[in-house]
C-alpha cells in the first residue's frame, strides 16, 4: 500500500482520540482545543523545516537554541518599540542566518550535520545564557496576539502554521526545488550527475529551517507577555519526533509533509491523554524518547522485511 | 626509509605533537594570568574534575573510530547516578553492591543502543538521540524532577574527594581505564578491527571481522564506562541528581575530535583523545581562575569543536579543489551515508 506508513499513524491518532473521548470527554471543548492547537503551531512550523532537512539526509539538533536566540532578540527589538512587522522580519532573517551557518558548515565543509549542530546548539545556548543571565524579556502589550483579541490571535497563529504546512507540502510535491531535496536525500551523487547541486540544496534546507524557526519563535513570542531565555529547550526532539513518527525515513529521501502533520497531531494528543490518565508530566521526556525509538524501530523492521 | 631523522620529523608533524604544544601553551598562559592556577593542588583539582568527562571521551573513542556516535552517554550518566542513589538509599544496599549493579545497568543500557544499531541496522545517531531523551527522561521521572540523593557514607566519598597514594582517588581509576583502552585499541587485533570497520565496513566484513558483534561490543562498553563515570561523579559531588552529566556528550565528542580522531571513522588514537581531554580540562579550569563565567567555557568548547572539525577537512577540500582545477575533469561529489 502506497501510504501505509501515513495511514498507520493516522490510525493511531484516531485510536488516541477515541480513548480520549471515552476517558476524558472534557478534552473536546472548543476553547481548550484551540489553545492546544495554538501551543503546537510553532512546533508544526519547525517540524516542516526539520522534515526538509531530514528528507535531505541531514539533521539539525540546534533548532531549540536558534528558537531561543530568535525569541529573545525579537523580544528585545519589540521592547525598543520596533513595529511588529519589522520584528517578525528581523526574527525570520536572524533565524535564516543561524540556519545558514549550519548549512555552510555542513554543505561547504562537508561536515556531519549531527556534530556541527551539536556544537552550534551548545554555543548559541551558552552565549544566550551568558548575555541574559536568565533574565526574562518583558514585552509591550501591543505584541500579544499581534494586537488582536485572544481568539482572533489564536486563529491567526494556527492559520499561519497551516499555510506554511500546505505551502511546503505542495512545493515538495510539485516544485522542482522540492523534488531536488528528495533526489539529494536518496543519492547525492546520482543527483549531482543529474545536474542538481547537492551542496546548494543542503545549504538551502538548513537556511529555510532556520528561517522557519525564526517565524516559529515570533509565533511563540506573540503568545505570552514575557520571553523566557530558556524557551525552546527540547524543541529539536519534539520536531524530530514528529518528523520520524510521521514516516519520514531518517536515512533520507522518503516521507511526506502530510505524514509529519499527522505525526505532530498524534504527539500533541499524547500529552493531554497522559494527564487525563493521571501519568505525571515528568514522564514526558522519557515518553518522547521512547516514541522516537519506536518509530525508527518500526521503520527498521519494515525495511528489513522489504529487503528479504 | 625510516632513518632516525625522518622518524623524528614525522613525530614532530603529527597531530598529537601539535596538540601537546597547545596544551602546554594553554597551561603556561593560564599560569601567567591566574595566581593560584599553577599550584599542585589546583592541578590535582583539574584531574579530579576531568575524570568523568575523560572516561566518557575514552568510551567515545572506539565508537567514533568505527564511524558511529553515541549522544546518550551524558544522559546515561544521569540515569546511572540516580539508580545508584536509589539502590543505596531505598534498597539499602552497600555502596559496593549498588555500584556493581549500576555497572550492570550501564551495560544493559549500552546493550539497548547496541541491539537497535546492530540487529535492526539503524543509524547510531537517531538511536542514541532517542536514548538521549529516554535515559534523561527516566532519570527525571524516577526523581520526579526534585528528589536528590545525599548523605553518602564517608567510606564511599573517599572515591571522589580524597587522595590515594598522592593522587586523587578517581584519577587512579581513570588512568587504569585509559591504559586498558590504549592497550585494547592499539595493541590487540580485536581493537584494531574498530579502525578497519570505520575505514570500510564492507571491507572489514570481507576480511572476516564479525562487524556487528564488534559494533555491539563498543556500545556496551560505553554503557559500562558511563556507569562508572556516574559512580565517580556521585562520589565527587556527594550527591546524585537527575541533571547529572547534562551536556557531557559534547565535551566527550569534542575531546575525541580535538584529539585527531576522524569523525568519519577509521583514523584516530587513544592518546590523542587523552590530550584532547587535557586541552578541554585546562581550558575550563583556567577560565574559572581567570574569573570568566561558566557559560564562556561551554561556548568556547562548542566553538573549539567546530574549529577542530573545520581544521581537519579544510586541507583535504583545498587539495581536492586544486586537483579539480588542474585536471578540469569533474570529480565525484563526496557523498556521505549517515
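The values are calculated or read from the model by the stated rules, or taken from the named source; none is laboratory data. Only a predicted model underlies this, so the values are computations on that prediction, with no experimental measurement involved. Every residue, glycine among them, receives a Cβ derived from its backbone with ideal geometry; neighbour counts consider all protein chains shown.
Being free of Cβ contacts under 8 Å to residues at least 60 places away in the same chain, within 21 Å of the chain's Cα centre (by Cα), crowded, with 16+ Cβ neighbours inside 10 Å and under 25 Å from residue A:220 (Cβ atoms) holds for only one residue in A:88, A:73, and it is A:73. Of the residues examined, residue A:184 is one that is in contact (Cβ under 8 Å) with a residue 24 or more places away in the chain, farther than 30 Å from residue A:144 by Cα and either within 11 Å of chain B (Cβ to nearest Cβ) or in a helix (DSSP H, G or I) (or both). With respect to residue B:314, is the statement that it is closer than 18 Å to residue B:15 by Cβ, free of Cβ contacts under 8 Å to residues at least 12 places away in the same chain and facing chain A (nearest Cβ under 9 Å) true? Yes. The condition of being surrounded by 23 or more Cβ atoms within 10 Å (Cβ to Cβ) and more than 25 Å from residue B:306 (Cα to Cα) holds for residue B:233. Only residues that are crowded, with 18+ Cβ neighbours inside 10 Å and assigned to a helix (DSSP H, G or I) were counted in region A:93-116, giving 16. Suppose the filter is out of contact with any helix residue (DSSP H, G or I) (no Cβ under 8 Å at 6 or more places or on another chain) and modelled with pLDDT of 95 or more; does residue B:146 pass it? Against the criterion (out of contact with any helix residue (DSSP H, G or I) (no Cβ under 8 Å at 6 or more places or on another chain) and modelled with pLDDT of 95 or more), residue B:146 does not qualify. Against the definition (crowded, with 23+ Cβ neighbours inside 10 Å, within 14 Å of another protein chain (Cβ to nearest Cβ) and more than 19 Å from residue B:248 (Cα to Cα)), how does residue B:109 come out, yes or no? No, not satisfied. The criterion of being at pLDDT below 95 and under 17 Å from the mean Cα position of the chain (by Cα) does not hold for residue A:156.
None of A:176, A:171, A:190, A:167 is surrounded by fewer than 18 Cβ atoms within 10 Å (Cβ to Cβ), under 25 Å from residue A:296 (Cβ atoms) and without any contact (Cβ under 8 Å) to a residue 40 or more places away in the chain except A:190. Against the numbered list (1) away from chain A (no Cβ under 14 Å); (2) in a helix (DSSP H, G or I); (3) out of contact with any strand residue (DSSP E or B) (no Cβ under 8 Å at 6 or more places or on another chain), residue B:141 comes up short only at (1).
Summed over region A:216-237, residues that are under 18 Å from residue A:121 (Cα atoms) and surrounded by fewer than 24 Cβ atoms within 10 Å (Cβ to Cβ) total 7. The set of residues from region B:302-311 being surrounded by 20 or more Cβ atoms within 10 Å (Cβ to Cβ) and more than 8 Å from residue A:119 (Cα to Cα) comprises B:304, B:308, B:309. Set side by side, the residues A:85, A:90, A:135 differ, and just one is part of a loop (DSSP other than H, G, I, E, B) and more than 15 Å from residue A:202 (Cβ to Cβ), which is A:135. Would it be correct to say that residue B:125 is within 19 Å of the chain's Cα centre (by Cα), buried (at least 20 other Cβ atoms within 10 Å of the Cβ) and at the interface with chain A (Cβ under 10 Å from one of its Cβ atoms)? Answer is yes for this residue. Based on this model, can you work out whether residue A:126 counts as part of a helix (DSSP H, G or I), exposed (fewer than 15 other Cβ atoms within 10 Å of the Cβ) and either facing chain B (nearest Cβ under 9 Å) or on the phi > 0 side of the Ramachandran plot (or both)? Judged against the criteria, residue A:126 is not a match. When we screen A:297, A:270 for residues that are under 21 Å from residue B:125 (Cβ atoms) and over 15 Å from the mean Cα position of the chain (by Cα), the only hit is A:297. Name the single residue that is nearest to the other protein chains (Cβ to nearest Cβ) among those in region B:234-283 being closer than 26 Å to residue B:154 by Cβ and in a loop (DSSP other than H, G, I, E, B). Filtering region B:234-283 for residues that are closer than 26 Å to residue B:154 by Cβ and in a loop (DSSP other than H, G, I, E, B), the one nearest to the other protein chains (Cβ to nearest Cβ) comes out as B:242. Is it fair to say residue A:27 is more than 27 Å from residue A:184 (Cα to Cα) and in contact with a helix residue (DSSP H, G or I) (Cβ under 8 Å, 6 or more places away or on another chain)? Yes; evaluated as a whole, the condition is true for this residue. Each residue in region A:109-152 was checked for being under 30 Å from residue A:59 (Cβ atoms) and touching a strand residue (DSSP E or B) at 6+ places or on another chain (Cβ under 9 Å), and 1 of them qualify. Only residues that are closer than 15 Å to residue A:83 by Cβ and surrounded by 12 or more Cβ atoms within 10 Å (Cβ to Cβ) were counted across region A:129-143, and they come to 4. Residues of region B:190-200 that are crowded, with 19+ Cβ neighbours inside 10 Å and more than 20 Å from the chain's Cα centre (by Cα): B:196 alone.
Among the residues of region B:175-189, is there at least one that is part of a strand (DSSP E or B) and surrounded by 14 or more Cβ atoms within 10 Å (Cβ to Cβ)? No; the residues of region B:175-189 include none that is part of a strand (DSSP E or B) and surrounded by 14 or more Cβ atoms within 10 Å (Cβ to Cβ).
Apart from one condition, residue B:99 fits all of (1) in contact with a helix residue (DSSP H, G or I) (Cβ under 6 Å, 6 or more places away or on another chain); (2) within 15 Å of residue B:219 (Cβ to Cβ); the exception is (2).
Among the candidates B:274, B:304, B:287, B:300, the residue that is modelled with pLDDT of 95 or more and within 30 Å of residue B:35 (Cα to Cα) is uniquely B:274. Screening B:89, B:48 for residues that are in contact with a strand residue (DSSP E or B) (Cβ under 8 Å, 6 or more places away or on another chain), closer than 24 Å to residue B:244 by Cβ, crowded, with 20+ Cβ neighbours inside 10 Å and touching a residue at least 24 places away in the same chain (Cβ under 8 Å) leaves exactly one candidate, B:48.
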